[in-house]
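Peer 1: Before we start, here is the structure in question, set down as structure tokens.
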Amino acid sequence: MGDSEKPLGLAPVTAQGSEMKTGNIPLVSLDPIFDSQIAKTRPGQAHFGGTGPFGATCGECPFLGYWRQICNASGDLVRTTKSQGCEKYFKLTGRHGPALAPGTDACRYFERREPKT
Ligand code: SF4
């Protein structure tokens, strides 16, 4: 089979132009939009970044920042601390995620923060 007869997009090519040995698994992206969302997603987000309204950021969402309750071994509340993580992530997973930058691209659970009156 000559080069002109090879099927397109089925085998990844290295920077030097030779085919990589990957068996039958193609390493070609089939959905560039999904790839972009994965690239925008930060640890601790409730869903993929960039799946919210166009241009919206976590800094505009009321789920960013919440009061984290600290309990002792008996389960009694001993104090609270302000978390800079996503409250929706905590509600969905039961785990506290890391702090998110306010400029992080919003996810599908984004809600517009009510303006202060
Ligand atoms: S948009 Fe809101 S719900 Fe989604 S990750 Fe950011 S803070 Fe959390």
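Peer 1: Checking residue 109 against (1) touching a helix residue (DSSP H, G or I) at 6+ places or on another chain (Cβ under 6 Å); (2) within 15 Å of residue 41 (Cβ to Cβ); (3) not in a loop (DSSP other than H, G, I, E, B), which test does it fail?
Peer 2: (3)
Peer 1: Need pairs with beta-carbon distance below 7 Å; first residue among the hydroxyl-bearing types (Ser, Thr, Tyr) and within region 80-93, second away from the ligand (no atom under 11 Å from the Cβ) and not in a helix (DSSP H, G or I); sequence gap 6+ or separate chains.
Peer 2: What qualifies is 80/67; 80/68; 80/69; 80/70; 81/68; 81/70; 83/68; 83/96.
Peer 1: Any residue in region 73-84 that is near the ligand (Cβ under 9 Å from one of its atoms), under 27 Å from residue 114 (Cβ atoms) and crowded, with 16+ Cβ neighbours inside 10 Å?
Peer 2: no
Each value in this text was obtained by applying a stated rule to the coordinates, not by laboratory testing. Worth saying up front: this structure is predicted, and the values here are computed from it rather than measured. Please note: Cβ atoms are built from the backbone with ideal geometry, for glycine as well, and neighbour counts cover all protein chains shown.
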